[in-house]
Amino acid sequence: MVLYFSATGNTKYVAETLAKGLGDTAENLLERIRRRDFSPIHSESPFVICSPVIVCEMPRFLNAWLRKSVFTGSRELYFVFTSGGYAGISSFQGKLLARKKKMKYMGRAELKMPRNYIASDAYPELSREEIEDRIRNASKHLPRIVALIQSGRKLKARHVWLFEILITLPFNPVWSHLKQRTGDFHVSDQCISCGKCERGCPMNIIHLDAKKRPVWDAKCCSHCMACIQNCPTSAIEYGLITHAKNRYRFEKYQYAIKED
């Protein structure tokens, strides 16, 4: 069984493509995460966790959910990570997770996909051509990943060095507190009160106020970008940083796969 969380569609595409190749099912974990539903998930086939990478690690809300959830049936656990180019310590977290659940860690694959993080000017926007190239290149690796899983072999990616772990583990909580704030999120008059941002927030911290406008309940979040990127009218902004930036959703560029 393929389990996934996807903010803007990259990981969803990967998960559904893998599931199709494996003749298996893909389950979106969003609602389970939002409801804190830790009821058992059963699979006779290996579990494949597909996850984006946020600030060099697996999203904290996803990692926390996985640690508390119960997997029955197969004891094999694969990971496939999508990132903007650096998967950080996500594979190390995968190993720890498998150990905690007393499951067999079957390795991980790392796929470079288009970035969706627009709440900072530290990352230059990708051109349409760069986005298309990343999607095409990532898609070429999926049949190999399917073949390895089907044959029961381990997935292999780059080695995670100790210094990466020692830097990331203490640094990320500080970064989250200082840089992943929600106070700069706001909406323009283009908001149509559809509630898509509320329903799509994995941390369940967005609600519509009396005027049917989104309000962020917590001081910090994961900055997964699900709310801002999926707004149908691009009404959600983050300070002044996002005003002139394009919004990214995989579905807008999935034609790139068909061109290849």
Answer with yes or no whether Lys112 is touching a residue at least 12 places away in the same chain (Cβ under 8 Å), more than 17 Å from Val160 (Cβ to Cβ), surrounded by fewer than 20 Cβ atoms within 10 Å (Cβ to Cβ) and not assigned by TED's automatic domain parsing to the domain that holds Cys227. no
Of the residues in the range 34-56, those that are crowded, with 21+ Cβ neighbours inside 10 Å and either farther than 22 Å from Tyr105 by Cα or out of contact with any Cys (no Cβ under 7 Å at 6 or more places or on another chain) (or both) come to Pro46, Phe47, Val48, Ile49, Cys50, Ser51, Pro52, Val53
Does at least one position in the range 12-25 carry a residue that is closer than 22 Å to Phe250 by Cβ and in contact with a Cys (Cβ under 6 Å, 6 or more places away or on another chain)? yes
Check Ala87, Ala147, Ala98, Ala119 and return the single one that is surrounded by 14 or more Cβ atoms within 10 Å (Cβ to Cβ) and more than 18 Å from the chain's Cα centre (by Cα). Ala98
Say whether the condition of being in contact with a helix residue (DSSP H, G or I) (Cβ under 8 Å, 6 or more places away or on another chain), over 30 Å from Ser45 (Cα atoms) and of a type in the set (Asp, Glu) is met by at least one residue in the range 228-241. yes
Enumeration of residues in the range 15-68 that are assigned to a strand (DSSP E or B) and under 18 Å from the mean Cα position of the chain (by Cα): Ala26, Glu27, Asn28, Phe47, Val48, Ile49, Cys50, Ser51, Pro52, Ile54, Glu57
Filter the range 122-141 down to residues that are under 20 Å from Lys252 (Cα atoms) and either in contact with a helix residue (DSSP H, G or I) (Cβ under 6 Å, 6 or more places away or on another chain) or of a type in the set (A, V, I, L, M, F, W, C) (or both) and give me whichever is surrounded by the most Cβ atoms within 10 Å (Cβ to Cβ). Ile135
Neighbours by Cβ (under 7 Å, 6+ apart or cross-chain): first from the range 227-246, surrounded by fewer than 21 Cβ atoms within 10 Å (Cβ to Cβ); second among the acidic types (Asp, Glu) and at pLDDT 95 or above: Gly239/Asp184; His243/Glu237
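Of Leu30, Leu66, Leu18, which residue is in contact (Cβ under 8 Å) with a residue 24 or more places away in the chain, touching a strand residue (DSSP E or B) at 6+ places or on another chain (Cβ under 6 Å) and under 30 Å from Glu164 (Cβ atoms)?
That would be Leu18, the only listed residue that is in contact (Cβ under 8 Å) with a residue 24 or more places away in the chain, touching a strand residue (DSSP E or B) at 6+ places or on another chain (Cβ under 6 Å) and under 30 Å from Glu164 (Cβ atoms).
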Please find, among Lys179, Lys196, the residue that is basic (Lys, Arg) and exposed (fewer than 15 other Cβ atoms within 10 Å of the Cβ). Lys179
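The values are calculated or read from the model by the stated rules, or taken from the named source; none is laboratory data. Just so you know, these numbers come straight off a predicted model, no measurement behind them. Using ideal geometry, Cβ is built from the backbone for each residue, glycine included, and neighbour counts are taken over all protein chains shown.
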